[in-house]
């Protein structure tokens, strides 16, 4: 057919019909894809879990699973369907409707069908033929065919590669269906939230179990009382039945039948009538009398826990008590429970098949808030799990011996120990007592169990707002104050402050952390500025000293305080003293204040008036010392005091207190000198030999003064004669001794007898071996041990001199311990020996005759501790003093590693930022780190005279030489991940504190081999992270930069920062805190221009000039100082 020839009508119809079919196929395909995508989108949106608070939504969370990959691909196909111009869409619609109908009409005039058409039908068919002919001509010239072909969906292979991780990409198209068009939506990996369902279940289950465990503990306690009552009845003669019935029962028939005790009667009560001589009436009377005696005995039976009589029912009771206590401590706070409930809808849709989730925050929150909320729930659940695990592991008797006061508090809370209400209330008037009783103490943030009298004191402080709690030492004034603070935290207060002597800062920090869910911040010492910022930002309990309070008031923007606690309040008895004025100003600023003192201040009325005046200037205090009752009535609104004998009805046999105190500057100087001289005995004495400049001596004087005020005598033990002589010179009151080995045996007893006959407040000082063996010193009810002894048996025997038969008072044992150095290390090393002994003693009667089973030799301790302390302070070899004078160079531990490390020169204390926590006796490192310590101790220093001289003194610039790690390391590509991690620890142990940049630099320089930069960095960063995760190293990030390289790494036992020479480093990779200390050093507290600071640092580091990068590093470090 020519080009101008018109095809037949039939051909036109077939051709157009083909176009119609194509249009229908395109339309159908597009519709099916769109419909499938809409269905999948709706299904996905239907999964949305909504976390809400107070009926307001916080987050919308959509869980995703691996099988949702097909869902994502389906939505992506719809999103990737070619767009169609409106004109083309109209033509598609026309083709599938009007044109399709015309083709059907045309079919009727073609073939045999045309012979059957007549009239209007034929006309309609002819019109269709004409329409299609015209439409064909237009269609062929319009380009619509190509547009329709382009509108056809195609199978894009990229869509098949999509996974659930691509759900929020623009190519999928789902994002725009979310609230706010998905602008704030984020895809979270399951590691962010996978723990949520289990954590929620653990917390909810714990809350439900607490009441069940309490009931189980009560039931177990009642079984103990029942068994104890039965034991008493087993010793109770049937004669008591006659007494109970006023001789109305004849007991001859009972004894004639072999029934001699009341317990025998109860065991046979159902068959009494069958015994000879006992009729129905007599049996009824006997039975009733026995039951009455049994009930009376049971009701009056006190709860006794005798460690020498460990019955099965007592063991079971202690186990139930421990489980209940763990549940109480582990129960989430009300704030945490609120978060659990907020996230409960999310937890309900999460299971182990969920791999990702879309998190869409509302205007009330952010995605980071969601992550933080999940972590809060996870931490609470981990705490609960840890507490529950701890409650099921080990012997409950050992836990009881470790913390008996906690157990007695539990007994009191369950009602097994009754307290005299009148004595619990002290001398308070009825109206105050009733107000305190009505007050409900919230314990959401308190983990300790309170005795009734402790709860009363906390409520008294809260009701009266500003008070003095003057309970006798040992009653728990600290936990009473913590309970009041915890209540205020539960009511919404954020910041609290404790002001105390420096000697008890460590104890306060430990007690707050142990007894509550609050954070304690040490606002004292070299890290006080960092701690203050953390306290301001995050809230919690700040702990500072009377001396540091001036800095806190002048230099820190003090947050609003919910309560201030003043411990050892007699420190501010003089209103004219500066610290008294500062403290008084602080008290006036706060709505609540608690003053704590164990001194019975009613004996010093003038001083007491001053303290009350700080709190309640409105109170009239005109009574004198001749009217004590009137004075107590006048101070009652602000003062509460109870004695041990008043409220401790069970009066614990032994109250042991570890008095952790910081070293004074004089102590630190003496201790460092002893370490440098490798003199172990001098190290042990350093904390007591500076007279009243020693913190231990200050604390000892306080203990003696308080003991005197409470009518107690004190015995002070030390291993060292020089320490005892110093103690004797500085103690207030009358001092007896020293009682040493050189005193004849008969004279020793005369000394003890004179001490026993002396007035209360007398002090006996005794060498612990001489005074701790063979003498009875029951007259002393306060025992002080000045330093940890090298053999546990020595301390036990010394304590037994006062804690023995004939002692009528509870015995208080105070161990004076420096919170870093040799005391901490001795305690930790001996703890292991002690636990071994306890296991040994439980299994063998020979234990008491085999002290070598649990004592440790002095030589072994000296070698271990000197090595560790020299490494911590100096980095030098472990030469120990053998006896008092002889020195022997020995390894810290006799083992071998060929790791070569240069010696680290000691750093002046003034240039060191110390850690807040007491230094531990062991770094907790892996085997490689232990070998590193040992290899240092055995390195041959004679080969390097320069190294030896550097070890003994600093360079003229006052900076310690930088200790360079230069061991050869295997290529990283040929080293296992474990060994890479150990190598990292070795580098940090030698050069730490050190930045990640320097770790990379050192490892690269010390290793060889073929590896790409990316492979090297990836492997090394993984090793650094693994070492930190295991606790082998710790890190700081003062500049808040991302990644490992800008962070500062060190061993847990290393100082946070040391000022050292630059060595092979450039200034930009020096730890920022080291640069900050260097800045502080060159500035000297004076305002200097930037250029002068730069010039001084350059001279200090012996640099010809500073680069721009160096200057930036200095500026960043100076900002750290400015922000502190």
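The values are calculated or read from the model by the stated rules, or taken from the named source; none is laboratory data. Please read these numbers as outputs of a predicted model, since none were measured by experiment. Note that we place each Cβ from the backbone using ideal geometry, even for glycine, and neighbour counts take in every protein chain shown.
Would you be able to say whether some residue in the stretch 283-299 is touching a helix residue (DSSP H, G or I) at 6+ places or on another chain (Cβ under 9 Å), modelled with pLDDT of 85 or more and closer than 30 Å to residue 192 by Cβ? Scanning the stretch 283-299, I find no residue that is touching a helix residue (DSSP H, G or I) at 6+ places or on another chain (Cβ under 9 Å), modelled with pLDDT of 85 or more and closer than 30 Å to residue 192 by Cβ, so the answer is no. Answer with yes or no whether residue 74 is surrounded by 14 or more Cβ atoms within 10 Å (Cβ to Cβ), farther than 26 Å from residue 159 by Cβ and either modelled with pLDDT of 80 or more or outside the structural domain of residue 162 (by TED's automatic domain parsing) (or both). In short, no. Taken over the stretch 1074-1124, the criterion of being at positive phi and at pLDDT 80 or above is satisfied by 1102 alone.
Close contacts from the stretch 9-37, counting a first residue that is surrounded by fewer than 16 Cβ atoms within 10 Å (Cβ to Cβ) and a second that is modelled with pLDDT of 85 or more, with Cβ to Cβ under 6 Å and a gap of 6+ residues or different chains, come to 24/96; 36/74. Among residues of the stretch 389-404 being part of a helix (DSSP H, G or I) and crowded, with 18+ Cβ neighbours inside 10 Å, the one that is modelled with the highest pLDDT is 396. Only one of the numbered conditions (1) in contact with a strand residue (DSSP E or B) (Cβ under 6 Å, 6 or more places away or on another chain); (2) within 23 Å of residue 635 (Cβ to Cβ) is not met by residue 539, and that is (2). Just one of the numbered conditions (1) closer than 20 Å to residue 24 by Cα; (2) in a strand (DSSP E or B) is not true of residue 90: (2). Among the residues here, residue 322 does not qualify as over 30 Å from the mean Cα position of the chain (by Cα) and at pLDDT 85 or above. Quick check: anything in the stretch 800-814 closer than 17 Å to residue 736 by Cβ and either outside any helix (DSSP H, G or I) or at pLDDT below 80 (or both)? Scanning the stretch 800-814 turns up at least one residue that is closer than 17 Å to residue 736 by Cβ and either outside any helix (DSSP H, G or I) or at pLDDT below 80 (or both). Against the conditions (1) surrounded by fewer than 24 Cβ atoms within 10 Å (Cβ to Cβ); (2) touching a strand residue (DSSP E or B) at 6+ places or on another chain (Cβ under 9 Å), residue 496 satisfies every one except (1). So residue 416 fits all but one of (1) at pLDDT 80 or above; (2) closer than 24 Å to residue 488 by Cβ; (3) surrounded by 14 or more Cβ atoms within 10 Å (Cβ to Cβ); what number is the exception? Single failed check for residue 416: (2). For beta carbons closer than 7 Å, sequence separation of 6+ or different chains, a first residue in the stretch 243-256 that is under 14 Å from residue 278 (Cβ atoms) and a second that is in a helix (DSSP H, G or I) and modelled with pLDDT under 75, the qualifying pairs are 249/242; 251/242.
Taken across the stretch 474-488, residues that are over 30 Å from residue 528 (Cβ atoms), touching a strand residue (DSSP E or B) at 6+ places or on another chain (Cβ under 7 Å) and at pLDDT below 90 do occur, with at least one present.
Residues being at pLDDT 85 or above, under 43 Å from the mean Cα position of the chain (by Cα) and loosely packed, with under 14 Cβ neighbours inside 10 Å are represented in the stretch 191-209 by at least one member. What about residue 187, is it closer than 20 Å to residue 371 by Cα and either part of a helix (DSSP H, G or I) or modelled with pLDDT of 85 or more (or both)? Yes, satisfied.
Would it be correct to say that residue 598 is in a loop (DSSP other than H, G, I, E, B) and under 21 Å from residue 515 (Cβ atoms)? Yes: the conditions hold for residue 598. Does any residue of the stretch 365-372 turn out to be surrounded by fewer than 19 Cβ atoms within 10 Å (Cβ to Cβ), in the same structural domain as residue 215 (by TED's automatic domain parsing) and outside any helix (DSSP H, G or I)? So far as the stretch 365-372 goes, yes, one or more of its residues are surrounded by fewer than 19 Cβ atoms within 10 Å (Cβ to Cβ), in the same structural domain as residue 215 (by TED's automatic domain parsing) and outside any helix (DSSP H, G or I).
Listed here are the residues, each with its yes/no results for (1) modelled with pLDDT under 90; (2) assigned to a loop (DSSP other than H, G, I, E, B).
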position: 635; (1), (2): yes, no
position: 645; (1), (2): yes, no
position: 650; (1), (2): yes, yes
position: 656; (1), (2): yes, no
position: 670; (1), (2): no, no
position: 674; (1), (2): no, no
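Here is a list: 58, 64, 45. Which entry is in a helix (DSSP H, G or I), touching a residue at least 24 places away in the same chain (Cβ under 8 Å) and under 58 Å from the mean Cα position of the chain (by Cα)?
The match here is 45.
Taking the criterion of being touching a residue at least 24 places away in the same chain (Cβ under 8 Å) and farther than 21 Å from residue 978 by Cβ, the residues of the stretch 1021-1049 that qualify are 1036, 1038, 1039, 1043, 1045, 1046, 1047, 1048. When residue 310 is tested against the conditions (1) modelled with pLDDT of 80 or more; (2) part of a helix (DSSP H, G or I), the lone failure is (2).
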